[in-house]
Amino acid sequence: MSSVPRFWRNLGSRYNLEGTRCKECGEHFYPPRNVCVNCRREGEIEPYTFTGTGEIVTYTLIHTAAEGFENQSPYTLAIIQLDEGPRLTSQVVGEPEKMHIGMRVRPVFRKLGEDGERGMIYYGTKFVPADA
């Protein structure tokens with residue numbers, strides 16, 4: 001897991017799907033960027049909060065979980081394309097046998113993990129099927 005200070009600095013993007021948008025070309029970025037990859041220094045970047053709805057581009061079912069996630073396996077990890085354009089990797093909560101490419105999803109606020117048995121609990125965005 002990330003360090004405590006870095007975790008707190010990234011709360012906006014983790015909790016609210018906050019990114020940025022270029023006023024010049026309309027490109028959306030997640031995570032946030034300071035410079036537009038299209039317009040370079042000509043573009044003006046502004047904060048943008050994503051709706052979070054999107055669709056699964058590809059996914060995999062994790063059977064052998066990383067340390068700290070053993071009690072969650074098997075779980076689905078997917079690349080999700082948000083309706084505004086950016087792609088992100090996230091866990092999709094739901095029945096693995098019902099997951100499919102093109103499936104519509106929406107964001108939910110869930111526990112991501114914790115730092116040791118008595119450490120800090122990390123929360124953030126996961127996704128569920130849009131019809132759930």
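For a modelled paramagnetic label at Asn16, 7 Å from Cα along Cα-to-Cβ, the residues of segment 26-59 in reach, with backbone nitrogen under 20 Å, are 28-35, 45-54. Put a dot 7 Å past the Cα of Thr53, heading toward its Cβ, do the same for Glu97, and the two dots end up 2.9 nm apart.
Annotation note: GluC sites (Glu not before Pro) in segment 59-131 located in DSSP loop regions with a Cβ neighbour count of at most 12 within 10 Å are Glu67, Glu117.
Remark: relative contact order (segment 71-132) = 30 percent; criterion is Cα-Cα distance under 8 angstrom and separation of 6 or more residues. Accessible area per residue (1.4 Å probe, heavy atoms of protein chains only) ranks Ser90, Ser73 as Ser73, Ser90, with the largest value leading. Accessible area of Tyr59 (1.4 Å probe, protein heavy atoms only, ligands and nucleic acids ignored): about 90 Å². Modelled spin labels at His28 and Val128, positioned 7 Å past Cα toward Cβ, are 2.1 nm from each other.
With θ taken as phi - 60° and the Karplus curve 6.51 cos²θ - 1.76 cosθ + 1.60 applied, the whole-hertz 3J(HN,Hα) list for segment 34-50 is 9, 9, 6, 6, 8, 8, 6, 6, 6, x, 9, 8, 10, x, 8, 9, 6 Hz, x standing for glycine and proline. Electrostatic bookkeeping for Gly68 treats Lys and Arg as +1 and Asp and Glu as -1; over the other residues with beta carbon under 9 Å from its beta carbon, the sum is -4.
Applying the criteria of a DSSP loop state and at most 15 other Cβ atoms within 10 Å to the trypsin sites (Lys or Arg not before Pro) of segment 40-132 yields Arg41, Arg118. Computed with the Debye formula from one identical point scatterer per Cα of the chain, without solvent, the log10 of I(q)/I(0) at q = 0.12, 0.15, 0.17 Å⁻¹ comes to -0.53, -0.79, -0.96.
The values are calculated or read from the model by the stated rules, or taken from the named source; none is laboratory data. What you see is a predicted model, and the numbers here were worked out from it, not measured in a lab. Positions of Cβ are generated from backbone atoms using ideal geometry, with glycine treated the same way; all protein chains shown enter the neighbour counts. The accessibility values were calculated without ligands, DNA or RNA, using every heavy atom of the protein model including side chains. Shrake-Rupley method; radii C 1.70, N 1.55, O 1.52, S 1.80 Å.
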